[in-house]
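The next block holds one structure in the form of structure tokens; read it before the comments.
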Amino acid sequence: MPLPVKRWFVFSFVFASVTIRFSTAAAAVGWEVIKVNGHDYLTVDNISKFYGLPAEVVPSGAKIQTETANQPLEFVSGSREAMINGARSWLCFPVLEQNGKTLVSRTDVAKTIEPLVRPHRVANVGKVQTVVLDPGHGGHDKGQVSRYGAEKDFALDVARKLRPILQAKGFKVIMTREGDYFVPLEVRAKIANSARNSIFVSIHFNATNDDPNATGFEIFSFTPRGAPSTADGTVTASSVYMQPGSSVDAQSMALSACIYHSLLGQLREYDRGIKRARFAVLRLTKVPAVLIEGGFLTERGESKLISNKDWRAKFAGAIGVGIENYQALPIKKQPPMLVADYRRQAKSPAIDTAAQEGNVNDAEGNSKQAAANVKEAAANAKQAGATAKQAAGNAKQAKANVNEAAANVKEADASLLELVGRSAFLSQPQTSTPAKKTSIESAPIIP
Ligand SMILES: [Zn+2]
């Protein structure tokens, strides 16, 4: 949806000068912390300049789609919702407007934006010998049941399909369950914790009682200390005092990004985003860990899709590619393939679909109206193609910017480390609550 009111921060065109400033005067792009009610914030302008990435702030209530994301960094005024490199990414705290500036919490710059924009720079990232696959539920715990089958069976099938894919790439694979039986959540975590250089990938399918039309992918990693989970509206005492956070949360975010971009780029489901939660398996694992929700069993079309074994094979394949890209981060020293990269690789289904619709009209109507429809569909397809191309171009440019910036920001990084180290938010007003969903995984689990 095109939005008439947009405030643009166009820094890509002055990138050359930004690069010089990174290399010659790191202090010039240091962090200017702004205090709001005792909490630390940074301006979007500051963030954009630091990364050398164009940023944009869209009005409150705007809904950015993957297809309409224009900039590598897009924020929604007053919201926790953001688009980072073309994928929806939920901030811990809403962005604020003050004195004409848009402010992002220091916690989010350190814990959300940094690992998503520069996952390749996360310490110890990509160190994987063993992938622990965790098919959700099992035995008496069926998970969500649709008319086509149970979540526990679909999740197990995806893990079984994914195992040989990963083994072929040289990974050791351990499954927390091999068949239809129940494994306690703490046992699943223990399996991951006792494996050498492991990562933990939990596979689930989604459900909601609130909206029968809800669809799409989402991925979770553990919520940082002192921050609310994505489904929480406010900071609770438990989120601050009872939850220690994780020493590997940056690696988990990097893993989230690698898998999520691959899923979204290859399967074209609705983008619900990269989220945070304190699910037991994420809380109890000491290794990089994510939980994937591969679509809704409560939505008719998507539940049918999930019941299709070919679709599940594609889903498993996309997770495999994401894991491989995660492992490659420290080798390639650049961000993983992004949604736009995957979509550019594939043929444009938007054009195919429009053309097919045109053919149907033509055959059925065989009239001038039908011919006009075809023409319009073709025009739409062309437009869609152009938009996709533009988006891909932007993403490519962004990626190039990130790469170049990464090569020049060694000095500036010291200030970022400082930022990460000092992150501690104790309370925060919440002005936006993402759509709630109810599923077994959603219930906050307090020790
Ligand atoms: Zn589940």
What are the pairs, 6+ residues apart or on separate chains, where a residue within region 134-157 that is in a strand (DSSP E or B) has its Cβ under 6 Å from a residue that is at pLDDT 95 or above and among the aromatic types (Phe, Trp, Tyr)? 138/181; 138/182; 141/182
What tally of residues in region 191-205 results from selecting those that are within 14 Å of the ligand (Cβ to nearest atom) and either of a type in the set (A, V, I, L, M, F, W, C) or not in a strand (DSSP E or B) (or both)? 3
crowded, with 19+ Cβ neighbours inside 10 Å, at pLDDT below 95 and on the phi < 0 side of the Ramachandran plot, is that true of residue 104? no
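For residues in region 301-310 being touching a residue at least 12 places away in the same chain (Cβ under 8 Å) and surrounded by fewer than 22 Cβ atoms within 10 Å (Cβ to Cβ), which is nearest to residue 160 (Cα to Cα)?
Going residue by residue through region 301-310, those that are touching a residue at least 12 places away in the same chain (Cβ under 8 Å) are 301-304, 306-307, 309.
Going one step further and asking which of them are surrounded by fewer than 22 Cβ atoms within 10 Å (Cβ to Cβ), we end up with 301, 304, 307, 309.
Numbers: 301: 24, 304: 20, 307: 15, 309: 12 Å.
Among residues in region 301-310 that are touching a residue at least 12 places away in the same chain (Cβ under 8 Å) and surrounded by fewer than 22 Cβ atoms within 10 Å (Cβ to Cβ), the one nearest to residue 160 (Cα to Cα) is 309.
Please count how many residues of region 136-170 are touching a strand residue (DSSP E or B) at 6+ places or on another chain (Cβ under 7 Å) and surrounded by fewer than 20 Cβ atoms within 10 Å (Cβ to Cβ). Write out each step before concluding.
Our first condition is that a residue be touching a strand residue (DSSP E or B) at 6+ places or on another chain (Cβ under 7 Å); within region 136-170, this holds for 136, 142-144, 151-152, 154-156, 158-159, 162-163, 166-167.
Then keep just the ones that are surrounded by fewer than 20 Cβ atoms within 10 Å (Cβ to Cβ); that gives 142, 163, 167.
Going through region 136-170 one residue at a time, the tally reaches 3.
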Can you tell me which residue within region 154-180, out of those that are of a type in the set (D, E, K, R) and away from the ligand (no atom under 16 Å from the Cβ), is farthest from residue 313 (Cα to Cα)? 172
Output yes when any residue across region 245-267 is at pLDDT below 95, small (Gly, Ala, Ser) and within 16 Å of the ligand (Cβ to nearest atom), and no when none is. no
Could you identify the single residue in 208, 230, 234 that is over 18 Å from residue 315 (Cβ atoms), within 16 Å of the ligand (Cβ to nearest atom) and either in a loop (DSSP other than H, G, I, E, B) or at pLDDT below 95 (or both)? 208
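Looking only at region 52-65, count every residue that is crowded, with 20+ Cβ neighbours inside 10 Å and over 12 Å from residue 104 (Cβ atoms) and tell me the total.
Of the residues in region 52-65, 6 are crowded, with 20+ Cβ neighbours inside 10 Å and over 12 Å from residue 104 (Cβ atoms).
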Of (1) more than 16 Å from the ligand (Cβ to nearest atom); (2) more than 16 Å from the chain's Cα centre (by Cα), residue 298 satisfies every one except (1)
If you go through region 104-153, how many residues are among the charged types (D, E, K, R) and within 13 Å of the ligand (Cβ to nearest atom)? 6
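Could you check region 267-300 and list, in sequence order, the residues that are assigned to a helix (DSSP H, G or I), of a type in the set (D, E, K, R) and surrounded by 20 or more Cβ atoms within 10 Å (Cβ to Cβ)?
Filtering region 267-300 down to residues assigned to a helix (DSSP H, G or I) leaves 267, 280-284, 300.
Adding the requirement that they be of a type in the set (D, E, K, R) leaves 283, 300.
283 - this is the single residue of region 267-300 that is assigned to a helix (DSSP H, G or I), of a type in the set (D, E, K, R) and surrounded by 20 or more Cβ atoms within 10 Å (Cβ to Cβ).
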Scan (1) out of contact with any helix residue (DSSP H, G or I) (no Cβ under 7 Å at 6 or more places or on another chain); (2) assigned to a strand (DSSP E or B) for the single condition residue 78 breaks and write down its number. (2)
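What do you reckon, is residue 188 within 16 Å of the ligand (Cβ to nearest atom), at pLDDT 95 or above, in a loop (DSSP other than H, G, I, E, B) and touching a helix residue (DSSP H, G or I) at 6+ places or on another chain (Cβ under 9 Å)? If you could, list the steps in order and put the result at the bottom.
Details: within 16 Å of the ligand (Cβ to nearest atom): yes; at pLDDT 95 or above: yes; in a loop (DSSP other than H, G, I, E, B): no; touching a helix residue (DSSP H, G or I) at 6+ places or on another chain (Cβ under 9 Å): yes.
For residue 188, the condition - within 16 Å of the ligand (Cβ to nearest atom), at pLDDT 95 or above, in a loop (DSSP other than H, G, I, E, B) and touching a helix residue (DSSP H, G or I) at 6+ places or on another chain (Cβ under 9 Å) - is not met.
The values are calculated or read from the model by the stated rules, or taken from the named source; none is laboratory data. Because the structure is predicted, anything quoted here is derived from the model rather than measured. Every residue, glycine as well, gets a Cβ built from its backbone with ideal geometry; the counts of neighbours run over all protein chains shown.
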